[in-house]
1. Please find, among 76, 113, 43, 122, the residue that is in the same structural domain as residue 154 (by TED's automatic domain parsing) and either touching a strand residue (DSSP E or B) at 6+ places or on another chain (Cβ under 7 Å) or free of Cβ contacts under 8 Å to residues at least 24 places away in the same chain (or both).
2. Across region 99-125, what is the number of residues that are over 30 Å from residue 85 (Cβ atoms) and surrounded by fewer than 15 Cβ atoms within 10 Å (Cβ to Cβ)?
3. So which helices (runs of 4 or more DSSP H) are wholly in region 60-163 and hold at least 2 residues that are more than 30 Å from residue 32 (Cα to Cα) and at pLDDT 85 or above?
4. I'd like to check something: does region 78-87 contain any residue that is surrounded by 14 or more Cβ atoms within 10 Å (Cβ to Cβ) and at negative phi?
5. What number of residues within region 87-114 satisfy the criterion of being of a type outside the set (Phe, Trp, Tyr) and touching a helix residue (DSSP H, G or I) at 6+ places or on another chain (Cβ under 8 Å)?
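The values are calculated or read from the model by the stated rules, or taken from the named source; none is laboratory data. This is a predicted model, so every value here is computed, not measured. Counting neighbours? That spans all protein chains shown, and the Cβs are built from the backbone with ideal geometry, glycine included.
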Amino acid sequence: MKRQNPETQAGALPTYESMAQCSGATDIPLAVLKRAKDSGCPAFLSGNRLNLRAFLGWWFTQQGIDDQVDLVEEQAKLARQKRIKMEREEEIAAGLLFPMAELEPWLAEHYIAPMSAILSAAPASLDTRCNPADPILARRTLKQWIEDTVKPALKAELQKPKQ
């Protein structure tokens with residue numbers, strides 16, 4: 001008779017690829033998993049994998065470790081995070097929020113490129129209005145103003161760190 005791997009038997013508990021994956025699947029607060037790892041729990045395998053059966057066996061044999069983490073508070077944090085994620089996904093689906101990966105190309109196409117074209121054409125169309133006596137000087141001054149003022153301001157705004 002062929003013996004089954006304990007991981008594939010009915011009722012076997014999984015091994016997760018990370019603490020975050022385990023927390024998301026089991027609702028065990030991430031802080032609890034981190035505290036267990038820091039306390040020497042043998043359930044943590046190479047590559048940050050976590051054997052749930054070994055973790056649960058270790059966790060329930062520990063004295064006082066659960067006093068160091070407020071489980072109710074951690075569960076509330078996890079519920080808030082899930083609610084916020086779900087609300088964000090609903091707002092994206094409703095068209096109220098846009099992922100940056102979609103928004104940046106749209107802004108470049110519909111705002112930055114047209115504004116750049118307008119600003120680039122400004123010296124040629126405004127030179128005689130600014131200085132009818134010397135339109136070449138006016139054009140050069142306007143081009144320099146765009147290079148020194150407008151372009152650095154746009155670049156600085158676009159390169160702000162994402163939050």
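1. Exactly one of 76, 113, 43, 122 is in the same structural domain as residue 154 (by TED's automatic domain parsing) and either touching a strand residue (DSSP E or B) at 6+ places or on another chain (Cβ under 7 Å) or free of Cβ contacts under 8 Å to residues at least 24 places away in the same chain (or both), namely 113.
2. Qualifying residue count, region 99-125: 10.
3. The helices (runs of 4 or more DSSP H) meeting that bar are 71-93, 100-107, 135-145.
4. Filtering region 78-87 down to residues surrounded by 14 or more Cβ atoms within 10 Å (Cβ to Cβ) leaves 78.
If we keep only those that are at negative phi as well, we get 78.
Taking every residue of region 78-87 in turn, at least one turns out to be surrounded by 14 or more Cβ atoms within 10 Å (Cβ to Cβ) and at negative phi.
5. Counting residues in region 87-114 that are of a type outside the set (Phe, Trp, Tyr) and touching a helix residue (DSSP H, G or I) at 6+ places or on another chain (Cβ under 8 Å) gives 3.
Residues checked against (1) modelled with pLDDT under 90; (2) hydrophobic (A, V, I, L, M, F, W, C):
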position: 4; (1), (2): yes, no
position: 7; (1), (2): yes, no
position: 12; (1), (2): yes, yes
position: 16; (1), (2): no, no
position: 20; (1), (2): no, yes
position: 24; (1), (2): yes, no
position: 28; (1), (2): yes, yes
position: 35; (1), (2): yes, no
